[in-house]
Every structure is written in C-alpha cells, then in structure tokens.
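The values are calculated or read from the model by the stated rules, or taken from the named source; none is laboratory data. None of these values were measured; they are calculated from a predicted model. Quick reminder, even Gly has a Cβ in these numbers, built from the backbone with ideal geometry, and neighbours come from all protein chains shown.
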Amino acid sequence: MSSTDPSLAEELCNLQFASGWSDGVVTELAAISKYVEFAAGTIIFTQGAENHDLFLLSAGRVGLDMYVPARGAVRILTLSRGELLAWSALVGDGHMTATATALEPVRAIAIDGARLLDLCDRRHDIGYRVMKRLAWALSHRLVATRLQLLDLYSHTTPHVLQSPVERR
C-alpha cells in the first residue's frame, strides 16, 4: 500500500503511538510510513544487523530473542498490537540489540527512521511527541525486563532479615 493510503493514517490514529495527535501530524507521519507484513516464523531482523525502520505493530505477535553465550537464543520479550519494534533505528546506530521473529502473521507500520528523525528535527512539536512515546515504550520495556529478571531468580528463597523487635 502506498504511504498516502488514508487507511494508513487511520491505523496510526488507532495505535497508542499516535493516538490523540492532530490530523496534520498523523498525515506527516503517514507520508514516511508504509505497511509491511511478515509470515509466521519470519525473522524480521537479527541481533547485530542494521535496520533503519521503526515498526508499530498493528496485528500479530513478535518474539524478541537475544543470543547469550553458553545458552543460545533466549526469549526476552513478546510484543503485540500497539507496541514499538526496532526503536534502535531512532536512538542507536541502527544495529539491533535482539532478533525479532514473527510468532504469527504480523502486520506493522514501518516508519523510515532517518526520515522520522529529520521530521523531528524540523518540527520540534512532532519530535517532542515521538520522543515522549518512545520514552514511554522504553520505560515499559525496562519494567518488563526487570520483572523477567526477578522471575529468573524466583526459584531461590530470598533471605529475609529479622527486624530488631522480632529477634528479642
């Protein structure tokens, strides 16, 4: 589909990333975006590879795996509708920190990272909104990672110190 397809702008409005934004801002975002689809089992990108698109998932689920020496690929997160994928295209050098695999058929909106950064530089109001949503997504990803780390160590019984009152 072309980036001028009105359904692309409508879809952007229905996703958390661009919800509540003016029609003009959404139109500018749609102009640098396109629909992409991945069949179940497709590797969308691999850890260490370059990728210059930010993806907004509109349907399906994507597994994120990281290679861990002596353990191989370890699933770190599963993403679904409304979530951001490949944010390294905006905040890094475009090298992916994980491998993304479509767990089921995936439909996403791919936003050209370089053009989005250029738009953010030219239109600071848009840049503020994009970076605010990106920060929100990164914050939630950090919380999910912390919860996963807690789960990794849940098989151990935590050492609980007695309070001075209980020791008497």
Within the range 1-44, residues in a loop (DSSP other than H, G, I, E, B) and at pLDDT below 90 come out as MET1, SER2, SER3, THR4, ASP5, SER19, GLY20
Among the residues of the range 71-92, count how many are farther than 25 Å from SER19 by Cβ and loosely packed, with under 15 Cβ neighbours inside 10 Å. 6
Going through the range 104-114 in order, the residues found to be surrounded by 15 or more Cβ atoms within 10 Å (Cβ to Cβ) and outside any strand (DSSP E or B) are GLY113
Give me the strands (runs of 3 or more DSSP E) completely within the range 45-98, filtered to those with at least 1 residues that are modelled with pLDDT of 95 or more and among the polar types (S, T, N, Q), ordered by residue number. 53-59
For the range 53-70, does any single residue satisfy the condition of being crowded, with 16+ Cβ neighbours inside 10 Å, in contact with a Lys or Arg (Cβ under 7 Å, 6 or more places away or on another chain), farther than 15 Å from ARG141 by Cα and of a type in the set (Gly, Ala, Ser)? yes
Please enumerate the residues belonging to the range 126-141 that are charged (D, E, K, R) and surrounded by fewer than 11 Cβ atoms within 10 Å (Cβ to Cβ). LYS132
Between residues in the range 96-118 that are among the basic types (Lys, Arg) and residues that are outside any loop (DSSP other than H, G, I, E, B), which pairs lie under 8 Å by C-beta distance while being six or more apart or on different chains? ARG107/TYR35; ARG107/VAL36; ARG107/GLU37; ARG107/LEU57; ARG107/SER58; ARG107/ALA59
Taking ALA144, is it touching a helix residue (DSSP H, G or I) at 6+ places or on another chain (Cβ under 6 Å), surrounded by 13 or more Cβ atoms within 10 Å (Cβ to Cβ) and of a type in the set (A, V, I, L, M)? no
Residue count, the range 93-103 (criterion: loosely packed, with under 14 Cβ neighbours inside 10 Å and more than 13 Å from the chain's Cα centre (by Cα)): 2
Return a yes/no flag: does the range 60-81 have any residue that is more than 20 Å from GLN148 (Cα to Cα), free of Cβ contacts under 8 Å to residues at least 60 places away in the same chain and of a type in the set (A, V, I, L, M). no
Any residue at all in the range 140-163 that is over 19 Å from VAL26 (Cβ atoms), modelled with pLDDT of 95 or more, among the hydrophobic types (A, V, I, L, M, F, W, C) and part of a loop (DSSP other than H, G, I, E, B)? no
Does any residue of the range 3-11 turn out to be under 15 Å from the mean Cα position of the chain (by Cα) and exposed (fewer than 15 other Cβ atoms within 10 Å of the Cβ)? no
